[in-house]
1. Would you check which residues across the stretch 160-196 are among the basic types (Lys, Arg) and open to solvent by 30 Å² or more (accessible area, probe 1.4 Å) and list them?
2. Can you name the condition, by its number, that Lys589 falls short on among (1) of a type in the set (Lys, Arg); (2) in contact with a Phe, Trp or Tyr (Cβ under 8 Å, 6 or more places away or on another chain); (3) open to solvent by 30 Å² or more (accessible area, probe 1.4 Å)?
3. What are the residues in the stretch 192-212 that are in a helix (DSSP H, G or I), within 19 Å of Val91 (Cβ to Cβ) and over 22 Å from the mean Cα position of the chain (by Cα), if any?
4. Of everything in the stretch 446-481, what is assigned to a strand (DSSP E or B), touching an Asp or Glu at 6+ places or on another chain (Cβ under 9 Å) and not β-branched (Val, Ile, Thr)? Give them in sequence order.
5. Mind checking which residues of the stretch 215-261 are of a type in the set (Gly, Ala, Ser) and surrounded by 24 or more Cβ atoms within 10 Å (Cβ to Cβ)?
6. What number of residues within the stretch 702-733 satisfy the criterion of being open to solvent by 80 Å² or more (accessible area, probe 1.4 Å) and acidic (Asp, Glu)?
7. Out of everything in the stretch 665-707 that is more than 30 Å from the chain's Cα centre (by Cα) and among the hydrophobic types (A, V, I, L, M, F, W, C), what residue ends up being nearest to His497 (Cα to Cα)?
Amino acid sequence: MMRNASMARRAMVIPRYPPLLTPRSFKAAQALSTMASNNFIGNRRLGAIKSAHVYGDSATTTATSHILKRQFNFASSQYASCFDEIPTPNVDKLRKDAVAYLDSFDRKSWYDDPVCSILNGEKLVAPPSNLWITKNSLSQANGNQYYATPDQIQSLLKHIQTYHSPYIDIRPQVRRIEQKFLNEYAGLLIGNQCLDFAKQDGVTEIEESIMANSVERKLNDALFQDEQDGKVVITRKPVFVSCVSNFTNFLDLFRKTIRNLELGIPCVVLGRSHTIQHSYRWSELLVDLMKEEGIEPGMVTYLSCQLEDIKYITANCTECAGMLYTTCSRELAKSIKSNYPNTISSTGGPNTLITTEWTKPVQDAIRTSASIECAGQCTALRHAVVPETVQLEDVEAMFNDMAHVTSPVDALTKSSFDGVFESHGGTSPPSPSNGVYTRHNTKDAYFKVGHALPSPENDEMEEYWRKVVVDVTNSVPASMANKQKLIKNLSKWLIRHQPISLAINGKRSQVLDLGRNLFENTSLVVTTIGSTDKEDAPPAMTCQARPQDAECFGEFPPRKEMSLYTKYPVIIPSSTPSYDTCYQNKYLKSLTLEDLDGTSCPACAKDWLTEISDAATRGYCVELIRYLSDATKENPKRGFGDRTSLWGIQRTPMLEGCRTLLRCGSGVSFDDLSSVFLLFYSTNARSQVELSVDESNKELLDSLMKHDLDSHVFKVIVEGKDTFEHRLKEEEDDLYNIVRVPSSDNEEGHEEKHFPMPGQFVSLYLPMGHIKSTMKNDEEFVKFFGQSEAWLKMAS
């Protein structure tokens, strides 16, 4: 998904309804799973991580092996081991199969066989009055669709509300289906995506899907084993999957459906107002293959409904259904989450490139980053910071070489990936009447140039999806000595707007220092370092990340507003079912401080743990510290592939004055505070957090006094509610995150607490991701950035 395509090249009888797998049959399932995955085309990378733990029953020799035999959370040693044995796809065959499919494709077929809802394996055909024309991403008609009738909508709703999965594990069957998708039907998937989304390079996404799904299968295996061991409970309520056609073959539809389905989680795929053909044909094929495997067809439902009907269905399923997974704009994510609290959204941001030099290769990098997939990639460039000497005419000249394409099929055939469909009607460009953006004289590209960083209305930059629109800030001074003010201002801007990706370019002698400043100041999920004068370190682009090479990425909204958009941020690779998994309280209550033996837990954190009264809460905090100790034992970790990457958990931004504020109201207890507090108190992020306690909360203040927080560089402010709110308004620009610690006094009834997986919980408060050099085997980069204080460490 997030990389430059040109750099990416490189018989068992099943009962009709398979029985639930028991712990005894788990090893057999593992063996079958391995056999199935070995059939992927190409070779495998073996022994990728020498220090990784061995998955399975083999003992390891590390100090924490008795604690963390299986761990699927981001950056854990077990997570790192999942990048071993990655299949190498046959890219030429994938392209050949896609072209052959497109050559034989009958465009009438999508009219003759309309999209419709699928319920219990049956197509719900509607009257002719409900037949509508579908459109592709360029707003061109491409088929028919039946919208569900009122009666059908009620049937679909009833099914979602009442359906209970008969499975806990159907990995062998689903992985055979997965293999067919990624091999036998790969050409069809690439071709349909090309026709529906006008995707130019669906080959690279299938390549990524083959490789990265290998990692995520192992993460799912570890999650399931934890459930079998009585540690966690995977929620198996039906989940909603809303997707964008550009990423259906890996990031969206594929992994969110397949990875949930294989662990017995029913999936409801939501139709769209446009580009619906590909997701429907994908779902239809999945249901057919499920029938062949004897999987109950009610496990996958497809909703071909108008938007208001989809809203009606989801609004009436908030209690009986699980997560809603969506990829969309922040504006839409905010709307979805306001009506469906259990929303996991992947949202974009104004991806930014900064360069200290205006060379031809840098201009090519900016143009390619802006136009990749006709600006239809989530890491497409939206903002460029360039030398102060660059003028409007220079930017216009840069776009002279931008390629227009007339057909995505032609682009796919010619291995193109950054062509622009001129004046297409899929989305609207900037209005010429506002006088803000200039349209290129001959190319369908829009840009503006100014000394100030973009300051859009409502503080949100308009995405202009699938239109090449670039805000150019020409403010980089000629002298490095004068760059500190720019670095500080740009860092604040990046923290506020949270792009997915930041690309940094300059002379090699200067760019590492510039990159480290921005990396440490912003803690973005993807940072790429390139050069303007070193041939084997080409300029960095925003559209580069290969998750299969441990170039882990994600979509993180602005941290202090995250709850408006998503329940948890999304990190790739990850186990999708883990987002809707919680701990068994019985397991947490069994944990004691002795379970921290062999970890790097600081003494002050152990003292804190003794004060927690609730056994499950204390056990959860023990589990969090064990996770952090394991994940930071080697932090950062080194990635693979043709670039040099470092990845792991980071501290919050180290920009001067930037901090996380934890607010404890009058009813917040010591137990309530502990889980989030210990993430900072037990690590080197402790100096970057501030604790505000309501002056009336005497019980909490008395507890805090026992721990001498001042000696541990932990700032505590005692203040009333009005004083806090007033200070918040004055200091909000310096706050990376504002956490209003929830009080257990506000929880209804006496239900057991739900404790999420450590990876998801930590991602709410601490950054994670990767930084890379465009140069292969860049040892200077590894040493320089590996020593950065931005990486999270356990406190001494």
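1. We begin by selecting, within the stretch 160-196, every residue among the basic types (Lys, Arg); these are 171, 175-176, 180.
Of everything in the stretch 160-196, those that are among the basic types (Lys, Arg) and open to solvent by 30 Å² or more (accessible area, probe 1.4 Å) turn out to be Arg176, Lys180.
2. For Lys589, the exception is condition (2).
3. We begin by selecting, within the stretch 192-212, every residue in a helix (DSSP H, G or I); these are 192-197, 202-212.
After this cut, where a residue has to be within 19 Å of Val91 (Cβ to Cβ) as well, the list is 192-194, 202-212.
Within the stretch 192-212, Asn192, Cys194 qualify.
4. Phe447, Lys448, Gly450, Asn474, Ser475
5. Initial filter on the stretch 215-261 (of a type in the set (Gly, Ala, Ser)): 222, 230, 242, 245.
Scanning the stretch 215-261 gives Ser242, Ser245.
6. Here the count works out to 6.
7. Pass one, the stretch 665-707, residues more than 30 Å from the chain's Cα centre (by Cα): 665-671, 692-707.
Then keep just the ones that are among the hydrophobic types (A, V, I, L, M, F, W, C); that gives 668, 670, 693, 700-701, 704-705.
Numbers: Val668: 31, Phe670: 33, Val693: 29, Leu700: 35, Leu701: 35, Leu704: 35, Met705: 37 Å.
Within the stretch 665-707, the match that is nearest to His497 (Cα to Cα) is Val693.
Here is a yes/no grid of residues against (1) at pLDDT 95 or above; (2) assigned to a helix (DSSP H, G or I); (3) of a type outside the set (S, T, N, Q):
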site	(1), (2), (3)
Phe519	yes, yes, yes
Thr528	yes, no, no
Thr532	yes, no, no
Ala537	yes, no, yes
Gly554	no, no, yes
Ser563	yes, yes, no
Ser578	yes, yes, no
Tyr587	yes, yes, yes
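The values are calculated or read from the model by the stated rules, or taken from the named source; none is laboratory data. Being a predicted model, the structure only gives us computed values, none of them experimental. Glycine gets a Cβ as well: all are built from the backbone with ideal geometry, and neighbour counts include every protein chain shown. Keep in mind that these areas ignore ligands, DNA and RNA; they rest on the heavy atoms of the full protein, side chains included. Shrake-Rupley method; radii C 1.70, N 1.55, O 1.52, S 1.80 Å.
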